[in-house]
2 protein chains.
Amino acid sequence: MSLFLDVVSVDAAVETVRRITPAAGCEDVPLESALHRVLAKDVCADIDVPGFDRSTVDGYAVAAADTIGASEAIPAMLQFLGRVSMGSTDPGSISPGSCRYVPTGGALPAGADAVVMIENAEQIGDDLLVHRPVAPGENVIRRGEDFGAGKVVLERGRVLTPREIGVAAAVGADRVSVVMVPRIGIISTGNEVVPILERPAPGQVRDVNSYLAGAFVTERGCRPVYFGIVRDDRAALMRAVASALERCDAVLISGGSSKDERDNTAAVVAELGEVLVHGIALAPGKPTIIGTARKKPVIGLPGHPASTFVVLVAIVDHLIAAMSQTTVTRRTLRARLTQNIPSTRGREDYIRVSLEDGRATPIFGKSGLLNTLVQSDGLVRIPASIEGLEVGEEVEVILW
Amino acid sequence: MSLFLDVVSVDAAVETVRRITPAAGCEDVPLESALHRVLAKDVCADIDVPGFDRSTVDGYAVAAADTIGASEAIPAMLQFLGRVSMGSTDPGSISPGSCRYVPTGGALPAGADAVVMIENAEQIGDDLLVHRPVAPGENVIRRGEDFGAGKVVLERGRVLTPREIGVAAAVGADRVSVVMVPRIGIISTGNEVVPILERPAPGQVRDVNSYLAGAFVTERGCRPVYFGIVRDDRAALMRAVASALERCDAVLISGGSSKDERDNTAAVVAELGEVLVHGIALAPGKPTIIGTARKKPVIGLPGHPASTFVVLVAIVDHLIAAMSQTTVTRRTLRARLTQNIPSTRGREDYIRVSLEDGRATPIFGKSGLLNTLVQSDGLVRIPASIEGLEVGEEVEVILW
């Protein structure tokens with residue numbers, strides 16, 4: 001193995017990450033606990049939804065043919081047979097020339113194929129005057145029109161938002177099979193790093209990256225497992241990584257902004273497994289390490305939090321997606337640049353931008369500044385193949 | 001009180017909801033558990049971040065003035081005094097004409113004001129040849145440049161995403177004051193509604209709305225409390241609402257697609273408090289009830305899940321925002337319509353659309369169809385003041 005591999009493209013790095021990341025297992029969970037989980041198996045309709053022809057209005061269930069030509073001047077006259085009550089499992093029936101009242105959501109009686117809205121009819125004793133014709137199917141949702149029994153209503157790989165949860169409820173999926181929550185080990189390294197409760201002395205910095213990476217993976221449905229701060233000591237780092245590999249599905253080692261630390265991380269990964277990428281054509285985020293050990297992915301993140309965040313977005317997002325066998329979906333927005341952005345060909349640049357009224361203003365501040373993360377609205381990716389972007393150009397902004 | 005108030009505009013309904021919704025209290029939580037919570041108090045920097053002048057590269061800390069005019073041909077020559085190690089709390093000092101090696105992230109020695117990148121210098125024994133001049137501050141983040149001690153770094157009302165969590169960690173906020181999680185009571189009504197585990201008989205439907213509303217409020221940081229399915233019985237509904245008011249900060253009563261149920265809900269709210277809105281100029285979602293009881297908001301949602309979802313987005317979102325004293329922020333995207341959308345003046349229409357390549361295609365299916373929720377990408381809002389939108393018009397799509 002070599003510690004000094006060539007810098008690879010972002011695409012190649014992503015491809016490597018996807019290749020070495022095993023799919024997570026799956027588990028059944030109650031539907032009410034399944035929000036934002038990824039479906040591991042298709043959800044199918046167990047029954048027709050709705051299970052009966054259903055009125056979408058308050059009105060009178062009729063045979064549409066009985067209303068042909070009905071008008072205010074010459075209404076159709078039908079015999080009123082009574083009301084269908086909500087939840088009644090027998091809506092009765094009608095014969096030609098008759099009708100029944102049916103509330104919104106109620107079942108049509110046998111023989112009816114349309115509903116006349118109450119405002120288009122007048123009930124006088126046992127007679128109903130219909131002032132407007134209805135077409136067959138009007139104001140009705142047919143049995144199985146929403147979902148047919150046996151059909152797939154939600155495909156595996158889909159993230160369960162409230163709308164999917166509602167659909168699953170409609171087809172009786174009180175438990176769903178979802179991708180297991182990946183456990184992501186998080187290790188901070190560096191002699192300069194102190195716990196956030198401590199007041200750092202000159203030369204020391206707080207452990208921002210554990211919190212940043214932990215929150216990032218949590219937001220994407222993973223469980224972070226924190227292994228604390230490890231000093232620049234190869235044996236100590238080895239123990240921490242080995243322990244993380246034992247307990248987790250993937251390991252993120254943050255830190256290594258100094259060359260000594262970078263070497264430490266790469267050496268430890270090499271000893272436990274294999275370093276596959278050591279440097280990505282990505283700015284900020286170049287000193288990223290991708291390796292594999294005990295058949296699990298290990299990622300070495302840069303030390304500066306703002307660079308770390310770009311690597312989380314550009315690389316780690318794909319690792320998490322690979323675990324649930326999905327692809328990364330990003331919220332994006334098109335905007336016009338208010339300034340030129342220079343870039344180096346052969347390197348993918350991620351520039352923080354703030355957005356206002358469809359215009360994107362690059363925030364050029366030093367990449368080590370955390371305040372650029374909270375003052376920006378997203379990232380503009382400049383592909384490696386071009387030399388920069390010009391003012392007025394329309395760009396795609398990856399929203400935070 | 002009147003059960004038959006006039007239909008009000010969406011804006012008036014939202015204003016009413018905000019007026020009757022009390023702000024939630026606040027609580028301190030550990031930073032690692034604060035993801036997606038709303039800040040209740042500003043977070044200030046306890047120290048300068050960084051706490052010292054910090055190098056952004058691997059290189060040599062120098063007095064910039066010593067490098068004026070340096071070039072490949074005529075390098076500046078400096079005396080090498082040694083290395084600053086990472087995490088050392090005393091980076092030493094340099095005097096004019098000398099330098100120290102400093103790794104990325106390391107502290108500048110006293111007397112240095114810039115860093116020469118290693119690739120622009122050559123070390124020969126105790127001498128350093130500098131091949132390029134540096135300006136004061138070059139490759140350095142100054143003490144306090146990211147955040148100054150005492151300054152507000154995160155304002156109250158801000159939602160804590162991973163980036164805010166990272167910033168809070170940098171300023172030592174190991175606990176943060178956040179808005180308490182509102183408890184939202186959820187009641188389903190209707191004789192036709194059965195638990196999702198049951199196989200509905202003809203005329204019956206599963207309780208989709210409890211799951212839909214529960215997941216919706218959970219996604220927005222609230223805790224749903226489920227009070228089950230109540231039949232169309234005024235006394236039973238009264239008991240359920242009273243119990244929900246006791247245990248929760250707000251109550252959602254879903255169901256009431258038939259007139260009997262609508263009357264029941266309004267009557268119960270009136271008896272326990274006051275009905276303020278009974279009908280909103282909103283489609284779908286017209287039969288919405290807004291009331292207040294025991295100084296808590298009570299919302300009556302329509303029975304059809306697809307209509308319910310529009311009311312959750314158009315109205316309940318604002319209720320939740322009011323509790324955390326924030327405003328609703330929506331993910332939106334501009335797109336061009338592929339078809340005309342007719343609309344009625346005086347009513348706010350929410351039309352589901354699917355998106356592709358910047359074009360929005362309306363999904364006109366009956367509003368009671370659940371499949372339109374999972375087949376669409378968002379909603380187009382047609383203001384009450386206009387009569388529809390034309391093909392080719394640019395519209396704002398509220399993304400799900």
Contact order relative to length of region B:332-399, as percent, for alpha carbon pairs under 8 angstrom and 6 or more apart
49
With a Förster radius of 45 Å, plug the Cβ-Cβ distance of residue A:327 and residue A:357 into 1/(1 + (r/R0)^6) and report the FRET value to the nearest 0.05.
0.90
Along Cα-to-Cβ, 7 Å out, sits the label point; list in nm, shortest first, how far the one on residue A:202 is from those in the other copies.
8.7
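How would you rank A:309, B:216, B:147, going from fewest to most other Cβ atoms within 10 Å of each one's own Cβ? Mind showing how you got there, number by number?
Details: A:309 31, B:216 27, B:147 23.
By the 10 Å Cβ count, ascending, the order reads B:147, B:216, A:309.
Determine the relative contact order of region A:255-339: mean sequence separation of Cα pairs under 8 Å and six or more apart, normalised by residue count, in whole percent.
On the way: 99 pairs, mean separation 18.3, N = 85.
Here the relative contact order equals 22 percent.
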Taking the Cβ of each residue in B:186, B:20 as the centre, tally the other Cβ atoms inside 10 Å and list the residues starting with the fewest.
B:20, B:186
Using 20 Å as the cut-off for backbone N distance, which residues of region A:3-45 belong to the label zone defined by a point 7 Å from the Cα of residue B:199 along Cα→Cβ?
A:43-45
Where does the charge balance sit around residue A:157 when Lys and Arg score +1, Asp and Glu -1, over other residues with C-beta under 15 Å from its C-beta?
+3
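May I ask you to sort A:165, B:398, A:386 by Cβ crowding, counting other Cβ atoms within 10 Å and putting the fewest first?
On the way: A:165 28, B:398 17, A:386 11.
Placing the least packed residue first, the sequence is A:386, B:398, A:165.
In a shell of Cβ-Cβ distance under 12 Å around residue B:247, excluding residue B:247 itself, what net charge do Lys and Arg (+1) and Asp and Glu (-1) give?
Local charge sum for residue B:247: +2.
May I ask you to order A:245-252, B:103-110 by the average number of other C-beta atoms within 10 Å around their residues, highest value first? It would help to have the intermediate numbers written out before the result.
Working: A:245-252: 21.2, B:103-110: 24.8.
My ranking of the peptides, most packed first, is B:103-110, A:245-252.
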Taking amide H positions as placed 1.01 Å from N in the peptide plane, with prolines and chain starts having none, which residues 5 or more places from residue A:138, or on another chain, fall under 5 Å of its amide H?
A:115
What net charge do the residues around residue A:75 carry, taking every other residue with its C-beta under 14 Å from that of residue A:75, with Lys and Arg at +1 and Asp and Glu at -1?
-4
For labels at residue A:375 and residue A:123 in the simple 7 Å Cα→Cβ model, what's the distance in nm?
6.8
Which whole number gives the average count of other chain Cβ atoms within 10 Å of the Cβ atoms across peptide B:137-147?
3
Chain A, relative contact order [Cα under 8 Å, separation at least 6], %
18
Which stretch or stretches of region A:75-94 have amide N atoms under 15 Å from the point lying 7 Å from residue B:263's Cα along the Cα→Cβ direction?
A:83-86
Sequence-distant or interchain residues sharing an amide H contact under 5 Å with residue B:280, placed H: which?
B:8, B:288
Compute the label-point distances linking residue A:136 to its equivalents in the other copies; points lie 7 Å from Cα along Cα→Cβ; give nm, one decimal, shortest first.
8.9
Overall form of the protein assembly as shown per C-alpha gyration tensor (a/c, 1.5; a/b vs b/c)
prolate
For peptide B:77-90, the mean count of other chain Cβ atoms within 10 Å per residue Cβ is 4
Chain A, helix-only ellipticity at 222 nm - DSSP H runs n ≥ 4, -39,500 (n - 2.57), divided by all residues, nearest 500:
-6000 deg cm²/dmol
Between residue B:328 and the same site in the other copies, what are the distances in nm, shortest first, taking label points 7 Å from Cα along the C-beta direction?
3.1
Distance in nm between residue A:135 and residue A:19 label points, each 7 Å along Cα→Cβ, equals 5.7
For q = 0.08, 0.09, 0.15 Å⁻¹, what log10 I(q)/I(0) does chain B give under the Debye formula with an equal point scatterer on each alpha carbon and no solvent?
-0.61, -0.68, -1.25
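FYI, it's all coordinate maths here, none of it is from the lab. The structure displayed is predicted, hence computed values, not measured ones. Every residue, glycine as well, gets a Cβ built from its backbone with ideal geometry; the counts of neighbours run over all protein chains shown.
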